[in-house]
Amino acid sequence: MNNNDTAIREGDAMSEKEPQTGLCASRREFLVAGGVTAAFMMIGAGAPAPAEAVMKSYGRTKIGSISALKEGKPAKFNYPDKNTENFLVKLGTPAGGGVGKDADIVAFNSLCPHMGGTVTDGGYHHADGIMGPCPFHLSTFDLTRHGLIVAGHATQALPQIQLETKGDDIFAVGVMGLIYGRNANLG
Ligand code: FES
């Protein structure tokens with residue numbers, strides 16, 4: 001999909017009906033919050049400072065439409081910039097951060113948080129909602145549970161693209177987690 005063709009700037013059409021959002025006080029956020037708390041406790045013990053904030057909002061960009069999605073068939077899109085590849089998938093089962101009437105549409109960055117392997121090369125396994133294995137060191141990720149690690153060398157979940165819907169349109173609005181290769185999410 002050409003992102004430039006469909007990009008919708010933040011604030012566009014926002015005066016209409018409120019969009020459905022996948023944002024929630026999720027288990028992943030809880031786990032993340034717990035990790036940050038632990039990190040600050042470690043600072044007091046002389047440990048290194050914690051990593052950059054794990055959640056970042058970006059412009060609201062249309063990335064697809066519900067009617068065009070086929071269950072179990074990931075679709076690629078770029079966000080928050082044209083060089084960053086992600087995938088969107090309708091899982092067919094409710095998922096953490098999922099949007100749509102069945103809360104089963106999710107999106108993630110395509111790069112493994114371990115050393116940047118392209119996890120989509122390992123394929124999506126629809127029966128289990130699993131992406132991978134990563135071709136480098138075989139990490140797999142559970143797309144039904146915010147991209148948490150199932151197995152492998154990765155120590156962080158797959159960065160999840162935060163979604164909203166409005167009618168048939170699907171919008172990306174932010175990224176939860178640090179995209180591989182960056183020391184901070186884009187400002
Ligand atoms: S780069 Fe994916 S498991 Fe190492």
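Computed from the coordinates by the stated procedures, all read-outs in this text should not be read as laboratory data. What you see is a predicted model; the values in this text were computed from it and never measured. Heads up, the Cβs are rebuilt from the backbone with ideal geometry, glycines too, and the neighbour counts pull from every protein chain shown.
Report the normalised scattering of segment 82-124 as log10 I(q)/I(0) at q = 0.17, 0.18, 0.24, 0.30 Å⁻¹, calculated by the Debye formula with identical scatterers on the alpha carbons. Treating every Cα as an identical point scatterer, log10 I(q)/I(0) equals -0.53, -0.58, -0.85, -1.00. Among 115-127, 139-151, the peptide with the highest mean count of other Cβ atoms within 10 Å heads the list, and the full ranking is 139-151, 115-127. Taking a ≥ b ≥ c as the square roots of the eigenvalues of the alpha-carbon gyration tensor, segment 114-187 is classed oblate because a/c is 1.5 or more while a/b is no larger than b/c. Solvent-free Debye calculation, one equal scatterer per alpha-carbon of segment 54-134: log10 I(q)/I(0) at 0.17 Å⁻¹ equals -0.71.
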